[in-house]
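A.B. asks: Take this structure first; my questions come after.
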Amino acid sequence: MPGRELPKTKTSGALIQCLATGKWEAKPTCALTNCGQPAATVANGKIAASTTTFGSSATVTCSSKFKGGGSFNCGAYGQWASAPACTRTCPPGTLTKADKWCVDCLG
């Protein structure tokens, strides 16, 4: 079932195994798929995730003078969706709403 998986056992480190006795190594249970901490990095931003299982969301917070960010989710197959980017609020060579020319937005 997407978003759920059989947990690994403590003894073998593999999925639950059928023993030579004909019995299962442990009682099977399903657990939410875990994406782990987001491995992505976002230029000019930080990523935070308090939980890392299926359906959880992580948040990108952009640095000062950058816009964008937002949240992205842990998917059913243990992979995070793409993290949103942070972009300059006034890229050099563009005009602001007040018709001012942007030269150095970071200075």
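A.B. asks: Cβ-Cβ distance below 9 Å, separation of 6 or more or different chains: which pairs start in segment 28-50 with a residue that is among the acidic types (Asp, Glu) and end on one that is assigned to a strand (DSSP E or B)?
C.D. replies: Sorted first by the residue in segment 28-50, then by its partner, the list stays empty.
A.B. asks: I need every pair where a residue in segment 70-91 that is of a type in the set (Ser, Thr, Tyr) and modelled with pLDDT of 95 or more has its Cβ under 8 Å from the Cβ of a residue that is surrounded by 15 or more Cβ atoms within 10 Å (Cβ to Cβ) and part of a loop (DSSP other than H, G, I, E, B), sequence separation at least 6 or different chains.
C.D. replies: Qualifying pairs under 8 Å: Ser71/Pro84.
Each row is one residue, and each column tells you yes or no for (1) more than 22 Å from Ser71 (Cβ to Cβ); (2) of a type in the set (Lys, Arg); (3) modelled with pLDDT under 80; (4) out of contact with any Gly (no Cβ under 8 Å at 6 or more places or on another chain).
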{"site": "Lys8", "(1), (2), (3), (4)": "yes, yes, yes, yes"}
{"site": "Ser12", "(1), (2), (3), (4)": "yes, no, yes, yes"}
{"site": "Cys18", "(1), (2), (3), (4)": "yes, no, yes, yes"}
{"site": "Thr21", "(1), (2), (3), (4)": "yes, no, no, yes"}
{"site": "Thr29", "(1), (2), (3), (4)": "yes, no, yes, yes"}
{"site": "Asn34", "(1), (2), (3), (4)": "no, no, no, no"}
{"site": "Ala39", "(1), (2), (3), (4)": "no, no, no, yes"}
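The values are calculated or read from the model by the stated rules, or taken from the named source; none is laboratory data. Note that this is a predicted model, so its numbers are computed, not measured. Cβ coordinates were reconstructed from backbone atoms using ideal geometry, including for glycine residues, and neighbour counts include every protein chain displayed.
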